[in-house]
1. Sequence gap at least 6, Cα distance under 8 Å: using those rules, report the relative contact order of the stretch 1-118 to the nearest whole percent.
2. How tilted is helix 137-151 with respect to the longest principal axis of the chain? Cα atoms for both, answer in degrees (0 to 90, nearest 10).
3. For R153 and L79 in one chain, what is 0.36 nm times their gap in residues minus the Cα-Cα distance, to one decimal in nm?
4. Any cysteines in the chain with zero other Cys Cβ atoms under 4.7 Å from their Cβ? List them, or say none.
5. Relative contact order for the stretch 12-65 using alpha-carbon pairs under 8 Å, separation at least 6, rounded to a whole percent?
6. For the chain, what does -39500 (n - 2.57) per DSSP helix run (n ≥ 4), summed and divided by total residues, give at 222 nm, in deg cm²/dmol to the nearest 500?
7. For the residues K14, K43, what sequence is obtained by ranking on other C-beta atoms within 10 Å, fewest first?
8. Can you tell me the dipole magnitude for the chain around its Cα centre, using point charges on the Cβ only (Lys, Arg +1; Asp, Glu -1), in Debye to the nearest 20?
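Taken together, the values in this text are just the output of simple stated rules run on the coordinates, not laboratory data. Quantities reported herein were computed from a predicted structural model and do not represent experimental measurements. Neighbour counts are summed over all protein chains in view; Cβ atoms, including those assigned to glycine, are modelled from backbone coordinates with ideal geometry.
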Amino acid sequence: MDNCEWCNLSEEDKRFQVYESRSWSVFLSDEQDYIGRCILVLKRHCDSLSELTDDEWVELHDLICKVEACLKTVLGATLCNWSCLMNSFYKESAPDPHLHIHVRPRYDKPVVLNGRTYTDGEFAHHYALKKSGEIPTEDRKEVFGRLKEWLNR
């Protein structure tokens with residue numbers, strides 16, 4: 001846990017936190033390959049979904065419903081892809097996995113932010129690996145503001 005990136009987030013790392021519940025934190029991902037992509041992170045160190053407590057499962061369900069409703073409402077997502085793969089931790093010689101879940105909103109219509117248009121070219125197909133996740137800072141801040149406002153109302 002001492003070397004766990006999720007357990008040791010700096011204030012700088014937390015600047016794109018859009019929501020916090022008792023057991024989970026939600027961050028706007030650095031990678032915006034799918035506009036609104038977020039990461040749900042369990043606040044305690046935990047290796048896998050099978051180790052969640054009953055309360056954490058209930059809270060995760062409620063959070064999935066809330067985040068998905070937010071992405072559909074404020075960005076027009078058609079659906080959301082959820083994944084909990086954990087593979088990257090095992091590239092290390094001494095893996096120390098920390099449970100987190102990615103949500104990739106998917107769009108059948110373009111998303112317009114600050115006059116720029118983003119399209120989901122793989123809509124209705126698996127999401128693309130290694131797709132560029134760079135968007136202008138002002139667009140990322142716009143997405144962050146929309147999500148944070150809706151989730152914390």
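1. Value for the stretch 1-118: 27 percent.
2. With both axes taken from Cα atoms, the answer is about 70 degrees.
3. Working: separation 74, 0.36 × 74 = 26.64 nm, distance 2.21 nm.
In short, 24.4 nm is gained.
4. C38, C46, C65, C70, C80, C84
5. Relative contact order here is 25 percent.
6. Calculated mean residue ellipticity at 222 nm is -8000 deg cm²/dmol.
7. Fewest-to-most Cβ neighbours within 10 Å comes out as K14, K43.
8. Charge dipole, the chain, about its Cα centre: 640 debye, nearest 20.
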